[in-house]
Amino acid sequence: MIRKVRQHISQNEALLFEETSPGKAGYQLPELDVPSVDPQAALGAPNVRVEIEGFPEVSEVEAIRHFTRLSTWNYAIDLGLYPLGSCTMKYNPRVNEFVARLDGLAWAHPYQPESLSQGALEIIAELESALLEITGMDAITLQPAAGAHGEFTGILLVRAYLESQGNPRKKILVPDSAHGTNPATASMAGYSVQNIKSNAKGMMDVSSLARLLDEDTNNEIAALMVTNPSTLGIFEEDIAKVAEILHAKGAMLYMDGANMNALVGLTRPGDFGVDVMHLNLHKTFSTPHGGGGPGGGPVAVKKHLEPFLPIPRLKRVNEAWTFDYKFPQSIGRVRAFYGNFGVLVRALAYILAHGGNGLKNATIDALMNANYIRRKLEPYYDLPYDSPSMHEVVFSDDRQSKQGVRTGDLAKRLIDYGFHPYTVSFPTIVHGAIMIEPTETESKRELDLFIDAMISIAKEIEKDPKFVLQAPYLTRTSRVDEVTAARRPIVRWRPQRTSSQAAD
Amino acid sequence: MRYLPKSDSERKEMLAACGIETAEELYAHLPAEARLNRPLDLAPGISEYEIIDFFKARAAETADGYASFLGAGVYRHYRPVLIDTIVSRGEFLTSYTPYQAEIAQGTLTAIFEFQTMICQLTGMDVANASMYDGSTAVPEAAMMALRVTGRNRVLVSRVVHPEYRQVLTTYAKHQGMPVAEFGYDAETGQIDLKDLERKLDDDTAAVIIQSPNFFGVIENVQAAADLAHRRGALLIFVFAEAVSLGILEPPRDADIVAGELQSFAISPSFGGPYAGIIASKEKFLRQLPGRLVGETLDSNGNRAFCLTLSTREQHIRREKATSNICTNQALIALMATVFMTVYGKAGLRELATQNLSKAHYLSSKVKPRFTGPFFNEFVTTAKSAPEEINQTLLARKIIGGLPLGTHYPELADSLLLCATEMTRRADMDTLAEALK
Ligand SMILES: Cc1ncc(COP(=O)(O)O)c(C=O)c1O
């Protein structure tokens with residue numbers, strides 16, 4: 001058992017609360033240029049707190065060491081391939097971070113006069129128009145804060161539109177390969193969810209969809225939420241037909257654009273019948289995931305849904321940008337202010353860097369990387385669907401699980417080879433899914449090392465499956481007991497009570 | 001292209017390995033009718049230098065260099081350099097949601113510390129890993145109250161941030177969640193307890209108040225809680241100015257707290273990204289929306305952290321999840337965590353006291369309209385149209401307060417003024433002069 005990494009002080013950093021000692025501080029405020037006010041006098045004694053019990057007290061040096069040490073316990077794109085399927089973990093260009101922090105943008109207050117916000121509004125306008133060109137849609141809102149928030153906005157748009165037609169309807173269809181946010185969204189927007197089965201090609205079954213809609217004599221189906229390419233990395237070849245079937249019954253086609261990295265420059269949702277879709281700026285457009293956000297979830301729509309978009313909307317009047325609030329049919333606001341503006345800045349910087357052809361070339365490299373991995377790993381792992389792969393490939397652990405090693409175990413062993421695992425156990429229609437999305441920003445060398453690692457693990461499983469089950473061996477933290485965490489939740493630090501305190 | 005790490009000969013080699021000759025064959029299976037048969041109509045790619053030039057030009061077309069008295073949910077607080085130093089580390093910046101705990105202990109430990117500090121700050125028992133922002137945390141808290149109480153209706157104070165209320169309305173509309181508003185006292189600027197009492201009924205799941213409220217006035221949380229609890233409703237406490245919690249009594253009487261952390265060293269950035277939070281009493285833990293980090297052990301018996309109670313969440317529960325939220329605002333929550341660490345127990349109190357002092361200096365020259373106690377913001381009535389006063393101030397490179405007429409027609413003659421530790425005395429004097 002290799003334990004040496006544990007001995008370093010940087011690997012044993014305590015929690016802030018355990019490093020605290022009274023009187024230490026990491027700040028200094030300037031002298032007040034006005035008289036100091038006594039809080040009790042100004043606020044009334046009952047409104048003033050005694051102290052923030054347990055709050056940290058550390059110096060600046062300890063603060064930077066603390067967080068720097070913590071940071072070294074993370075894997076990151078900057079360290080290597082991060083093939084989490086569906087997450088599009090691509091390189092995050094640093095110039096984007098730089099421009100988002102320019103004072104005029106970073107310190108812009110959302111309520112400052114529009115005459116003094118033209119630069120910020122111009123950025124929003126440029127991004128809107130670029131995203132419309134990329135998606136082939138007619139109108140867009142940049143207000144939603146992430147993909148799921150975009151879904152919610154999009155489904156509310158569907159609802160508002162159908163309502164204006166006299167009937168909001170009752171149901172949203174969701175393929176069995178869908179991400180969990182899709183059904184969760186439908187239910188938040190007041191719809192029930194009906195799952196539909198994929199066919200042997202890993203695609204939606206058009207004839208059973210047609211039957212479903214035929215049988216829907218009461219017009220209960222409001223929309224179909226489809227991810228394209230699907231979470232299997234497969235393009236829905238009959239998507240235009242699917243749109244036609246829905247439209248014939250007055251239902252809408254919603255596209256979850258999480259996988260847009262497979263399509264940019266090659267095909268546009270607006271050209272294959274999509275009525276409404278969201279994008280994930282933190283996937284396709286390279287804004288950093290930051291350990292789980294912030295994101296950006298713009299929602300693009302066709303003309304008929306435009307009157308319902310959230311307010312405010314940007315408008316050009318007398319050579320200047322202004323926010324327009326006068327849309328009586330709007331669903332309202334989905335978020336305060338204008339969305340995650342700092343994320344929008346980064347996404348635009350990314351688009352400007354690539355340009356039109358550059359974006360298409362990036363897409364092609366993403367497809368190539370996924371297909372290269374598919375070819376090289378096919379002899380070792382089962383491929384449940386042999387339809388062409390777009391930007392990601394989904395294997396199953398069928399062969400390995402016969403040896404008692406499942407996708408989650410295999411993933412842990414991959415960590416020992418220096419890589420972040422692929423997405424585990426999703427999509428759920430694949431038994432033991434191994435979902436790999438390399439993205440375009442990986443070199444051939446990095447891909448080859450990953451492929452070697454996957455092959456080597458497949459061989460280890462043949463020889464000694466038990467060994468793989470205990471992985472990872474080479475990390476600071478060995479396998480984490482998630483079951484106990486959920487059974488006895490400890491979700492905050494509390495001071496240790498000595499036994500004498502505990503007694504009273 | 002500098003972001004694509006492959007030479008053309010490597011590409012050829014890889015295509016050959018895939019058994020194809022040209023890149024086009026990678027997408028030859030796309031149906032013809034779906035293909036884009038022209039280049040995207042976007043300008044050619046540009047260099048890093050040109051990108052910086054473009055954004056510098058845009059940044060110059062904004063209010064850079066102006067003094068400002070705007071608050072109203074977005075506050076100008078000093079950002080210690082350490083914040084960006086830490087969040088710019090690739091290990092934090094370029095990692096995903098910490099699904100693989102063994103190689104994400106950095107993010108997980110920091111979130112655990114964040115959850116703890118939010119509890120300490122708010123007086124609640126548990127807190128989640130973050131929400132999108134304050135405005136979306138409010139409807140999520142309301143939906144949580146519906147689940148807890150089995151009731152349907154929520155009552156929201158008119159002095160909760162107007163945009164938060166608008167977001168609440170959007171969310172509520174399709175959930176069968178009627179939202180009613182209750183008023184404020186025209187003298188104190190605090191909620192009208194009588195109006196609240198009148199409007200409470202046995203189907204009310206929650207009463208939502210904000211403190212300091214949108215007028216900057218500190219509410220009587222206990223009185224609101226007593227009224228709500230007497231009718232079996234929960235009290236949801238909302239905060240938009242987190243620095244106030246450095247000095248104000250935490251909302252111990254509330255059941256759920258929904259807040260915005262922008263004040264904790266998060267750039268105003270024209271409205272986002274910020275970070276929201278939801279915290280609550282322990283007994284509502286399983287009704288919390290969003291990610292939660294919990295403590296456990298690794299197989300060697302060392303303390304470790306992981307995402308937990310995920311059976312509340314969309315990827316497990318799908319349509320029965322407590323919320324659809326997936327990606328949240330982790331990196332922004334980390335900014336707030338570093339901020340809370342740098343200032344710490346004494347610093348946050350001193351910072352809050354400085355804010356209090358600046359705003360009270362301003363109020364010694366500009367009369368507040370309401371009599372209720374305030375933190376770093378207050379409403380004042382102007383002698384002429386607020387918009388005109390603001391216009392004259394702009395000539396002196398000062399952005400005045402927020403005119404209130406849009407959201408409160410009865411206050412069309414009033415402005416909301418904010419002073420933080422960054423507000424200079426000289427600018428306050430100039431403002432006071434203009435408001436005379
Ligand atoms: C297919 C799919 N849909 C939706 C989402 C949700 O997006 P977000 O995490 O930005 O809310 C994701 C991302 O995890 C996804 O992969």
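The values are calculated or read from the model by the stated rules, or taken from the named source; none is laboratory data. Fair warning: this is a prediction, and the values are worked out from it, not measured in the lab. So basically every Cβ, Gly included, is an ideal-geometry build from the backbone, and we count neighbours across all protein chains shown. Note: accessible area is taken over every heavy atom of the protein model, side chains too, but ligands, DNA and RNA are not part of it. Shrake-Rupley method; radii C 1.70, N 1.55, O 1.52, S 1.80 Å.
Here are some notes:
- Peptide B:329-338 - average C-beta neighbours from other chains (10 Å radius): 5
- 1.4 Å probe accessible area per residue over the protein assembly as shown, in Å²: 34 Å²
- Trypsin sites (Lys or Arg not before Pro) within segment A:171-222, DSSP loop, no more than 14 other Cβ atoms inside 10 Å: A:LYS197
- Dipole moment magnitude, nearest 20 debye, segment A:366-485 about Cα centre, only Lys, Arg, Asp, Glu C-beta charged: 280 debye
- Between segment B:246-294 and segment A:138-208, the alpha-carbon center distance in angstrom: 29 Å
- Expressed as a whole percent, the proportion of Cα-Cα pairs in segment A:341-489 lying more than 27 Å apart is 33%.
- Surface share of carbon and sulfur [accessible, 1.4 angstrom probe, percent] for segment A:1-93: 53 percent
- With q set to 0.10, 0.15 Å⁻¹, the log10 of I(q)/I(0) for segment A:41-158, from the Debye formula over equal scatterers at the Cα positions, is -0.67, -1.13.
- Once exposed loop GluC sites (Glu not before Pro) are cut out (DSSP; at most 13 other Cβ, 10 Å), longest piece of chain A: A:54-318
- Extension reserve of the B:LYS365-B:ARG303 stretch, reckoned as 0.36 nm per residue once the Cα distance is removed: 16.8 nm
- Mean residue ellipticity at 222 nm, helices only, chain A: -11000 deg cm²/dmol; runs of at least 4 DSSP H residues each add -39,500 (n - 2.57), and the sum is divided by the number of residues.
- When chain B is treated as a Gaussian network with alpha carbon springs shorter than 10 Å, the biggest mean-square fluctuation among B:GLU350, B:GLU33, B:GLU387 belongs to B:GLU33.
- Those trypsin sites (Lys or Arg not before Pro) in segment A:33-121 that DSSP places in a loop and that have at most 15 other beta carbons within 10 Å: none
- Accessible-area composition of chain B, carbon plus sulfur, in percent [1.4 Å probe]: 49 percent
- Chain A against chain B buries an accessible area of about 16800 Å², both chains summed, 1.4 Å probe radius.
- Cα-based equivalent ellipsoid, chain A: semi-axes from gyration tensor eigenvalues, Å: 39, 36, 23
- For segment A:96-352, share of DSSP beta bridges that run antiparallel, in % to the nearest 5: 40 percent
- Counting only DSSP beta bridges whose two residues both lie in the protein assembly as shown, roughly 55 percent are antiparallel.
- Residue of B:ALA395, B:ALA336, B:ALA17 that the Gaussian network model of chain B assigns the largest fluctuation, springs spanning Cα pairs under 10 Å: B:ALA17
- Efficiency of FRET from Cβ geometry, A:TYR473 and A:ARG494, R₀ 30 Å, rounded to 0.05: 0.40
- Dividing the convex hull volume of the alpha-carbon atoms in the protein assembly as shown by its residue count gives 162 Å³ per residue.
- Between B:ALA57 and B:GLN391, the FRET efficiency estimated from the beta carbon spacing at R0 = 25 angstrom works out to 0.45.
- Area of B:HIS315 that stays accessible when all protein chains are in place (1.4 Å probe, Å², to 10): 80 Å²
- The Cα atoms of chain B define a convex hull whose projected area, averaged across directions, is 27.4 nm².
- For B:LYS436 and B:GLU33, a Förster radius of 45 Å and the Cβ-Cβ distance give a FRET efficiency of 0.05, rounded to the nearest 0.05.
- For segment A:234-368, carbon and sulfur atoms together expose 49% of the accessible surface, with a 1.4 angstrom probe and every protein chain in place.
- Normalised convex hull volume, segment B:11-123, alpha-carbon set, Å³ per residue: 315 Å³
- Heavy atoms of A:TRP73: accessible area, 1.4 Å probe, square angstrom to 10: 20 Å²
- A crude spin-label estimate for the pair A:SER10 and B:TYR78, with each label 7 Å from Cα along the Cβ direction, gives 3.0 nm.
- Each Cα pair under 8 Å and six or more residues apart adds its separation to the average, and for chain B the resulting relative contact order is 20 percent.
- Rounded accessible area of B:ARG231 (nearest 10 Å², 1.4 Å probe): 90 Å²
- Value at 222 nm in deg cm²/dmol, rounded to 500, when DSSP H runs of n ≥ 4 in chain B each add -39,500 (n - 2.57): -11000 deg cm²/dmol
- With a threshold of 19 Å on the Cα-Cα distance, the over-threshold entries among A:LYS197/A:LYS241; A:LYS171/A:LYS197; B:LYS194/B:LYS283 are B:LYS194/B:LYS283.
- Cα→Cβ-extended label distance, 7 Å offset, between A:ALA41 and B:SER384, nm: 3.6 nm
- Relative contact order, percent, chain A [alpha-carbon distance under 8 Å, six or more residues apart]: 18 percent
- Cα→Cβ-extended label distance, 7 Å offset, between B:ALA223 and A:GLU53, nm: 2.7 nm
- DSSP finds beta bridges in chain B, and of those with both partners inside it, around 55 percent are antiparallel.
- Residue-normalised convex hull volume from the C-alpha trace of segment A:96-352: 121 Å³ per residue.
- Shielding of peptide B:360-370 by partners, expressed as the average count of other chain Cβ atoms within 10 Å per residue Cβ, is 2.
- Members of segment A:293-308 that become less accessible by 20 Å² or more once partner protein chains are added (1.4 angstrom probe, chain alone as reference): A:GLY293, A:PRO294
- The length gained on full extension between B:LYS283 and B:ARG425, counted as 0.36 nm times the residue separation minus their Cα-Cα distance, comes to 46.4 nm.
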